Amino acid sequence: MNFNLQDALATALLETLQMVAYSLIMSILFGGIIGLLLYVTTTKLFYKNAVFSEVSGIIVNILRSIPFIILLVLLMPITKAIVGTNIGPKAVVVPLTVTAIAFYARLSQAAFAEVDNGVLEAASACGAHPIMIIFSILLPEARVGLINGITVTTISLIGYSAMAGTVGGGGIGDLAVRYGYQQYETKIMLLCVVILVVIVQSIQLCGDYIARKANKRSGG
Amino acid sequence: MIQFENISVSFPQKNGELHAVNNVTLHIGKGQIYGLVGASGAGKSTLLRTINLLEQPTSGKVFVNGEMINHLRGERLRRYRQNIGIIFQHFNLAANKTVRKNIEFPLSAANVPKGQRKKRVDELLDLVGLRDKSEEYPAKLSGGQKQRVGIARALANNANILLCDEATSALDPETTTSILKLLENINQKYGITIIMITHEIDVVKMICHEVAVMKDGSVVEHGKVIDVISKPQNEFTKKLIYNSENYELPSDIIARFGEKSIIKITYLGSDASEPILSNAIKSNHVDISILHGKIDYINHIPVGTLIVSVQGEQRDAENAIDYIRSKTLRVEVGANEF
Ligand SMILES: Nc1ncnc2c1ncn2[C@@H]1O[C@H](COP(=O)(O)OP(=O)(O)O)[C@@H](O)[C@H]1O
Ligand SMILES: [Mg+2]
């Protein structure tokens, strides 16, 4: 076998980073907005709308219940239309983003729902506009939950991106599967696993640290 | 000031409707501290929350300062709410805002310019005595301090009505007293009308001028606190008041004097200038033994309760009791009756 392990690792790391970073940003943005919409349309204090929240809830659930690997295949035509190809890291970003948006939508909705209703009611009783309550009370009060959701989403994205090997997606997971598993290079596979574990651990630690810093509830 | 006209509020339920408030008509005068008491689930909070439309009446009208407010929506409702403060049992402060930011929030909501906001927050901090806590987060404050922040927030936009929903129920007795003093002070200083929900009769006695008693969604009795407390007309009100007072005498005492000879006298402090008991003894050939006594202050008026046994011929005893009754607020006969 003739390949430079260091180069391969560096390329794979970069690919993972790109895939995860891109879909993470999209999922925080769009997933967060969808989560917010799901929440405000179920709450009397904001914009209760049973039809909207039911319908969008069902769509999100459908996306969430399709296994990632199947979504990857199902979305191929759309992927091709958006990024012009069906394979490689660029192509994987599309299904990855769709999954992550649905995932983070639910997590952020839960984070919003956990905010003490009494606090929102007090703000409403002050005569504040709902938009102001959202930005000035709801978002800050939900931020620990939102941060924890980002941590979980990031870690899941790394897991999903490792599945990207099936479409030649690249990244650390792909490297582990192609060289480690299919070509019996156990050393490479183990190395990849160790790297993944270290990355996931670091993200969890970072996320927990930021969440702790953001939490004023316990006087931190 | 505040006028409820046939207010009903019902909530849809699985099997029919829950009538939380049932056809309440009530007037609350300007500058009053008005108590709202009753058992849990009586509909007190629901009625109170129709004043700032956190709860929309199913039927009936609410007038505030002569204006019917039921139909207010959108921007007009928000403007209206800026004049009505509310404080809660669990304070409902934003945990991720400092004391200053919590108090500033309603000012921002009312578009008060930034320069004026700081000055106003400082005034409010002084009013509630929290100047040195302005940069703390609520988690670092005691319950009493949190409620002070709640009060400052509620009054930020110069509210003329303050709604208090069990505002002292999560506080210890000492802190309760200090918060009640603050509320009374605010009422006197600014003439703000205060409506206080409480399940503690002692809170009503301490600061309320008038009181309404609610049961199962209806107001069963209302009036001046001194009248309602000293001469409750409704059975439920009696129970509510007597449950908070404990006049259970030891059974051997009751046996020794005789149940029927024991009476409970309720009198105003001003009655005490006449030697009523000694007159009753002299003119009726009876003996009177004092078994229990105490003085309450209802809205700063001393109200005494005395439990005595009247010993003598039946006719004499009855005459003595009639005499005492004519000179005091209320007399109840028979130890088992109270
Ligand atoms: N938003 C609501 N939805 C359904 N039922 C409610 C709601 N708010 C209050 N209730 C019911 O209305 C009744 C009166 O409640 P409430 O006004 O909170 O009583 P109180 O404050 O006197 O304890 C209770 O039976 C309560 O369960
Ligand atoms: Mg209540």
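The values are calculated or read from the model by the stated rules, or taken from the named source; none is laboratory data. Just so we're clear, the structure is a prediction, and the values are computed from it rather than from any experiment. All Cβ positions, even for glycine, are placed from backbone atoms using ideal geometry, and neighbour counts span all protein chains on display.
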Review point. Does region B:112-130 contain at least one residue that is in a loop (DSSP other than H, G, I, E, B), over 28 Å from residue B:74 (Cα atoms) and within 13 Å of another protein chain (Cβ to nearest Cβ)?
Key: no
Review point. Does any residue of region B:115-126 turn out to be within 16 Å of ligand 2 (Cβ to nearest atom) and of a type in the set (S, T, N, Q)?
Key: no
Practice item. Could you check region B:133-218 for helices (runs of 4 or more DSSP H) lying wholly inside it with 3 or more residues that are within 16 Å of ligand 1 (Cβ to nearest atom)? Key: B:201-207
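Using the structure shown, decide if residue B:48 is in contact with a helix residue (DSSP H, G or I) (Cβ under 8 Å, 6 or more places away or on another chain) and within 14 Å of another protein chain (Cβ to nearest Cβ). Let's see the steps before the verdict.
On the way: in contact with a helix residue (DSSP H, G or I) (Cβ under 8 Å, 6 or more places away or on another chain): no; within 14 Å of another protein chain (Cβ to nearest Cβ): yes.
It is false that residue B:48 is in contact with a helix residue (DSSP H, G or I) (Cβ under 8 Å, 6 or more places away or on another chain) and within 14 Å of another protein chain (Cβ to nearest Cβ).
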Exercise for review: Test residue B:175 against the criterion of being more than 13 Å from every other protein chain (Cβ to nearest Cβ), within 28 Å of residue B:44 (Cα to Cα), touching a helix residue (DSSP H, G or I) at 6+ places or on another chain (Cβ under 8 Å) and within 16 Å of ligand 2 (Cβ to nearest atom), and give yes or no.
Suggested key: no
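Can you list the helices (runs of 4 or more DSSP H) lying wholly within region A:89-193 that have 1 or more residues being surrounded by fewer than 22 Cβ atoms within 10 Å (Cβ to Cβ) and modelled with pLDDT under 90?
By residue number, A:89-113, A:139-162.
Can you name every residue in region A:142-158 that is touching a Phe, Trp or Tyr at 6+ places or on another chain (Cβ under 9 Å) and free of Cβ contacts under 8 Å to residues at least 60 places away in the same chain?
If the condition is that a residue be touching a Phe, Trp or Tyr at 6+ places or on another chain (Cβ under 9 Å) and free of Cβ contacts under 8 Å to residues at least 60 places away in the same chain, then A:142, A:145, A:149, A:152, A:156 are the ones that fit.
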Check your understanding: Based on what the data block shows, is residue A:120 farther than 19 Å from residue A:5 by Cβ, of a type outside the set (Gly, Ala, Ser) and at the interface with chain B (Cβ under 9 Å from one of its Cβ atoms)?
Key -> yes
Check your understanding: Taking the condition over 24 Å from residue A:145 (Cβ atoms) and either outside any loop (DSSP other than H, G, I, E, B) or of a type outside the set (Ser, Thr, Tyr) (or both), does residue B:92 pass?
Key -> no
Check your understanding: Of everything in region B:57-108 that's aliphatic (A, V, I, L, M) and more than 10 Å from every other protein chain (Cβ to nearest Cβ), which residue is farthest from residue B:139 (Cα to Cα)?
Key -> B:68
**Study point:** residue B:140 vs. criteria out of contact with any Ser or Thr (no Cβ under 8 Å at 6 or more places or on another chain), at the interface with chain A (Cβ under 7 Å from one of its Cβ atoms) and surrounded by fewer than 19 Cβ atoms within 10 Å (Cβ to Cβ)
**Key:** yes
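Can you spot a residue in region B:11-19 that is among the hydrophobic types (A, V, I, L, M, F, W, C) and either under 20 Å from residue B:221 (Cα atoms) or away from ligand 2 (no atom under 16 Å from the Cβ) (or both)?
No, every residue in region B:11-19 fails to be among the hydrophobic types (A, V, I, L, M, F, W, C) and either under 20 Å from residue B:221 (Cα atoms) or away from ligand 2 (no atom under 16 Å from the Cβ) (or both).
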**Study point:** Residues located in region B:145-172, provided they are within 13 Å of another protein chain (Cβ to nearest Cβ), buried (at least 24 other Cβ atoms within 10 Å of the Cβ) and of a type in the set (S, T, N, Q)
**Key:** B:147
Review point. Looking only at residues in region B:296-311 that are modelled with pLDDT of 85 or more and of a type in the set (S, T, N, Q), which one is farthest from residue B:338 (Cα to Cα)?
Key: B:311
Review point. When you look at residue B:204, is it closer than 30 Å to residue B:40 by Cβ, within 16 Å of ligand 2 (Cβ to nearest atom) and β-branched (Val, Ile, Thr), yes or no?
Key: yes
Revision key, fill the gap. Residue set B:83, B:52, B:70, B:6; condition within 16 Å of ligand 1 (Cβ to nearest atom), touching a residue at least 12 places away in the same chain (Cβ under 8 Å), in contact with a strand residue (DSSP E or B) (Cβ under 8 Å, 6 or more places away or on another chain) and of a type outside the set (Val, Ile, Thr); output residue B:52
Exercise for review: Please note which helices (runs of 4 or more DSSP H) are completely contained in region A:1-75 and include at least 3 residues that are within 20 Å of residue A:104 (Cβ to Cβ) and small (Gly, Ala, Ser).
Suggested key: A:50-65
Study note, to complete from the structure: Residue hits (region B:46-63; more than 16 Å from ligand 2 (Cβ to nearest atom), crowded, with 19+ Cβ neighbours inside 10 Å and under 21 Å from residue A:129 (Cβ atoms)) are B:53
